[in-house]
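These notes are about the structure you will find just below.
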């Protein structure tokens, strides 16, 4: 915000920024503070307002073994999705960056997953992985019962992770390609003059130079896999079989809207908020330190 | 390309084709299964080639999930969010970048902190606010004692209430209330050279004139990028519409209907109908992205970095 401001007017800026401020206050700050209030209070069973219970709600969820299982599952989910999605996208971006003939065609298709609604992809992948249908399920005719995500929790979790990773390919690809294309051509040429083959240049030149993007995407992907998984899980497994795909967002929804335990759900929301804020904070700190390679 | 290397070129093409398969397989399956009959889609292993029943499947999916009105709802929400966001984002970024007023930095941070927490993590309390969007103002009036004062003077009790459940406003407003667009516009406005503003001042143009005649035409690319991003993300919303519409028949969006298309545990496994429905539902945002790719890629990158 170093820019010099140009206009002075007592009313106009407030008229311009007012609508946005009101929306943000009503739909962001109020709900967030409300969540804090609920997290520290407990609603009386017979009505009559909330009583202040300090950290009881948090202690209750932290004592709950099931909650920790959900947290661990979410972390596993986030790490696998992020790793898988970024690896595929980076692999593709590295090759597209060579800009051989016809690359544009490939490039535009790789972006497509970005446009797809998570529940739509969820439905498609559910069919692809359905044990009775004729795709992945076909292996059940060779070895009966070897693949069944509707009863096997590990299979179900793997299925959701693959789908989430697929959805992220487009977004990650766009950023990796942009970062690779920003590397000055002269550096690559100098590398080639020194006798580095394309593969060597990928590992020793390009990858180190795009670390800021790698890190940025790492954080963005982790945040989105912690928060965005609801649509997928609701259409693919509904948290099952026996809770083996229940992640944090799904549990919040379930406890809050099905179980009507607003205080518990609010406390869980606060934990998730802290997680997201911490990740964002790490990113700011790190990016501040690292982004000055040209 | 820097040097000739036929072998590595071959590897490159092979890798890119492999990537094409990874990306396209789900789309292909949706098209293939959506065009087959019940017998064909239930065959194990499935034939990976489209058949001729696409139109019938689309018709039955259309009926089963009531896609007509739901598509209209989705379009209303997506266009409403897109238009609202572009309008609000451009004017608020204009105020932040070009006006000198005391609370400028405070406003800036108030708006940009919202980038940090996505709607999903604060879904429970946001739902409560949707039941009465004027609640914060009521609480402010109550704590300031204004309610009591007015009641004492005029014996009218102030009761502010505005229920957003089952309304387009409720579907649209909370999605407009984030800072993504404002940030994009701000980044763009910061690149406007000072000379341009001085020149327009010299010509006697005030801020409003400057906004409409200089800034808006210059930010056309920006607007297209934001429009694409917003259209796609609001069309694809799932959790929020699910919560805020209890009256599905009138206010349901098309993405919410996907679950209704999935064959039930013990029902007919007519995945062909499901896939035909999914095809219709995923097509509009896909078309937008495919057509607007050039602009939206640029917008996405300036927004997040």
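We did not get these values from a lab; they are worked out from the coordinates using the rules stated. Since this is a predicted model, take the numbers as computed values, not measurements. FYI the Cβ positions are ideal-geometry reconstructions off the backbone, even for glycines, and counts take in every protein chain you see.
Per q in 0.19, 0.22 1/Å, what log10 I(q)/I(0) does a Debye calculation on the alpha-carbon atoms of the stretch B:54-105 return? Values, matching the q order: -0.74, -0.82.
At 25 °C and 0.890 mPa s, grab the translational diffusion coefficient of the stretch B:1-86 from Stokes-Einstein with a Kirkwood Rh over Cα pairs, rounded to a whole number in µm² per second. Estimated diffusion coefficient is 145 µm²/s. Gain on full extension, evaluated as 0.36 nm per residue between residue B:265 and residue B:100 minus their Cα-Cα distance, stands at 53.2 nm. With distances taken between every two different alpha-carbon atoms, chain B has a Kirkwood hydrodynamic radius of 23.4 Å. Taking a cut-off of 15 Å, what percent of all Cα-Cα pairs in the stretch B:180-220 are separated by more than that? More than 15 Å apart: 41 percent of the Cα pairs in the stretch B:180-220. In terms of packing, defined here as the mean over residues of other Cβ atoms within 10 angstrom, the peptides A:139-150, B:129-140, A:100-111 line up highest first as B:129-140, A:100-111, A:139-150.
Give me the log10 of I(q) over I(0) for the stretch A:28-132 at q = 0.17, 0.20, 0.21 Å⁻¹, as the Debye formula computes it from C-alpha points; what are the numbers? Once normalised to I(0) and log-transformed, intensities are -1.01, -1.13, -1.17. What do you get for Rg/Rh over the stretch B:147-305 if you use C-alpha atoms and the Kirkwood form of Rh? Reported Rg/Rh, Kirkwood definition of Rh: 1.16. The convex hull of the Cα atoms of chain A, projected and averaged over all directions, covers 23.8 nm². Compute the angle between helix B:271-304 and the longest alpha-carbon principal axis of chain B, please, reported from 0 to 90 degrees and rounded to the nearest 10. Result, in degrees: 50. Directionally averaged projected area (the stretch A:118-261, Cα convex hull): 11.8 nm². Out of every Cα-Cα pair that the stretch A:76-183 contains, those further apart than 25 angstrom amount to 34 percent.
Our note on the geometry: Cα centres of the stretch B:3-41 and the stretch A:252-278, 40 Å apart.
Tell me the angle of helix B:54-64 to the major Cα principal axis of chain B, expressed in degrees between 0 and 90 and rounded to the nearest ten. Relative to chain B, helix B:54-64 is tipped by roughly 50 degrees.
Could you tell me the calculated FRET efficiency between residue B:5 and residue B:25, based on Cβ-Cβ distance and R0 = 30 angstrom, to the nearest 0.05? The calculated FRET efficiency here is 0.50. Ratio of Rg to Rh for the stretch A:181-294: 1.22 [Cα atoms; Kirkwood radius as inverse mean 1/r over pairs].
So what's Rg/Rh here for the protein assembly as shown, counting alpha carbon atoms and using the Kirkwood radius for Rh?
0.99
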